[in-house]
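Asker: Sharing a structure here in structure tokens format.
Computed from the coordinates by the stated procedures, all read-outs in this text should not be read as laboratory data. Please read all numbers here as calculations on a predicted model, not as lab measurements. Note that we place each Cβ from the backbone using ideal geometry, even for glycine, and neighbour counts take in every protein chain shown.
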Amino acid sequence: MELWIDLFEDAQTGLFEAVMKPLTLALGQHALLEQAYEATGWFLIGLLQIAFMLMVLLPLERHRPAEPVTDRRAIYTDVIYTLIHRLGLFRLVFFFTLEPPVLALTSWYFLQGGSTWQLDALWPGVTDLPWVSFLLYLVVLDALNYFIHRAQHQFNPWWALHALHHSQRQMTLWTDNRNHLLDDIIVALLFALASQLLGVPPGQFVWLLAVSQLAESLQHANLRSRFGGLRYGLVSPQFHRYHHAIGVGHESPKRVPGGHNFGVLLPWWDMMLDTARFDDVYLPTGIRDQAEQGRDYGQGFWRQQWLGLRRLWGG
Ligand SMILES: [Zn+2]
Ligand SMILES: [Zn+2]
């Protein structure tokens with residue numbers, strides 16, 4: 001593990017020195033060198049993720065698809081979403097626009113004597129071993145993800161945005177990042193806030209997000225797999241596909257408050273709160289009004305974003 005971390009840091013430093021540093025200086029942004037170094041890390045993690053997706057997940061999809069591919073164009077749009085996110089473009093913009101106010105807000109809150117939920121304060125010594133704290137943060141942030149995802153379905157304005165994610169009828173490993181940008185911003189803000197309150201070290205935050213993202217790509221894959229007995233320990237492609245199933249996954253018995261399999265990494269929260277369904281079925285994915293009334297959610301990136309805003313304003 002140590003070796004891999006060292007290798008990664010060497011690559012990050014190399015790329016930073018060779019490209020990012022000269023670029024930042026050429027743009028006259030001396031004050032942003034630290035951020036540029038961090039952005040290099042995000043970019044490299046994104047490259048590793050995409051390599052894994054192409055070399056492991058794509059062959060798996062070809063080997064055991066959950067359903068035949070009938071609409072390749074629909075997949076191309078999802079690839080654009082994936083590249084925007086995984087190569088750090090979204091992160092970069094977030095970094096310079098919304099992260100500074102979050103940091104200012106949380107430091108003001110702590111100065112006022114606001115309580116923290118730092119793991120080390122609740123359980124002294126627990127963060128001494130980095131891998132133990134890493135796993136704990138992973139579990140805590142995954143619980144937060146579960147409740148955020150339920151809220152995305154529960155509240156109509158939020159559903160108006162999240163519906164874009166569910167409008168993919170040709171779900172593949174690229175579908176995870178198919179979200180409305182406004183939805184992404186809200187979720188990223190909540191995560192930045194939570195990681196500050198929990199005291200997650202920035203170096204670990206990057207990897208926590210990377211692990212979650214990779215697991216999410218696997219869960220969206222067009223892959224016939226429910227992980228055998230491991231399905232109770234990790235959300236499988238079959239488990240998440242059920243959440244995307246028309247009529248049963250996210251609108252059953254009716255959309256609010258129904259729905260199943262909201263979990264992102266672990267199915268435990270669904271199991272505890274009785275929203276888990278492990279039925280071994282692979283049903284068509286999408287949204288009921290799309291399938292029955294032909295409601296348009298858009299094919300291309302900009303049209304999908306625009307229609308999301310229109311739904312939000314009640315259109
Ligand atoms: Zn959902
Ligand atoms: Zn999904």
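Asker: For the stretch 2-312, what percent of Cα pairs sit more than 34 Å apart?
Answerer: It works out to 24 percent of all Cα pairs.
Asker: Given axes a ≥ b ≥ c from the Cα gyration tensor, I'd like to know whether the stretch 170-315 is rounded (a/c under 1.5), prolate (a/b larger than b/c) or oblate.
Answerer: Note, shape of the stretch 170-315 comes out oblate.
Asker: Continuing with this model, one more query. Convert each backbone phi in the stretch 112-127 into a coupling constant with the Karplus relation 6.51 cos²θ - 1.76 cosθ + 1.60 (shift: θ = phi - 60°), then list the ³J(HN,Hα) values in order as whole Hz, x for Gly and Pro.
Answerer: With the stated coefficients, the stretch 112-127 comes to 6, x, x, 7, 9, 10, 5, 4, 5, 6, 6, 9, x, x, 5, 8 Hz.
Asker: How would ILE80, ILE185 line up from fewest to most surrounding beta-carbon atoms within 10 angstrom?
Answerer: ILE80, ILE185
Asker: Another one. Say each of ALA104 and ARG73 gets a label point 7 Å from the Cα, pointing the same way as Cα to Cβ; how far apart are those two points in nm?
Answerer: 4.5 nm
Asker: Something else: Using the Karplus curve 6.51 cos²θ - 1.76 cosθ + 1.60 with θ = phi - 60°, work out ³J(HN,Hα) for each residue of the stretch 161-176 in order, rounded to whole Hz, and write x for Gly and Pro.
Answerer: Once rounded to whole Hz, the list reads 7, 5, 4, 4, 4, 7, 7, 6, 9, 10, 6, 9, 4, 8, 6, 3.
Asker: Once the Cα atoms of helix 99-111 and of the chain are each reduced to a long axis, what angle between those two axes, in degrees from 0 to 90 to the nearest 10, is obtained?
Answerer: Compared with the principal axis, the helix lies near 70 degrees.
Asker: Where does each of ASP71, ASP184 land when they are ranked from fewest to most other beta-carbon atoms within 10 angstrom?
Answerer: ASP71, ASP184
Asker: If you filter the stretch 27-130 for chymotrypsin sites (Phe, Trp or Tyr not before Pro), then keep DSSP loop positions with at most 14 other Cβ within 10 Å, what is left?
Answerer: TRP117
Asker: Whole-Hz ³J(HN,Hα) for each residue in the stretch 206-214, computed from phi via Karplus 6.51 cos²θ - 1.76 cosθ + 1.60 with θ = phi - 60°, x for glycine and proline: what do you get?
Answerer: 4, 6, 4, 5, 5, 5, 4, 4, 5
Asker: For the stretch 141-206, divide the Cα radius of gyration by the Kirkwood radius and give the resulting Rg/Rh value with two decimals.
Answerer: 1.01
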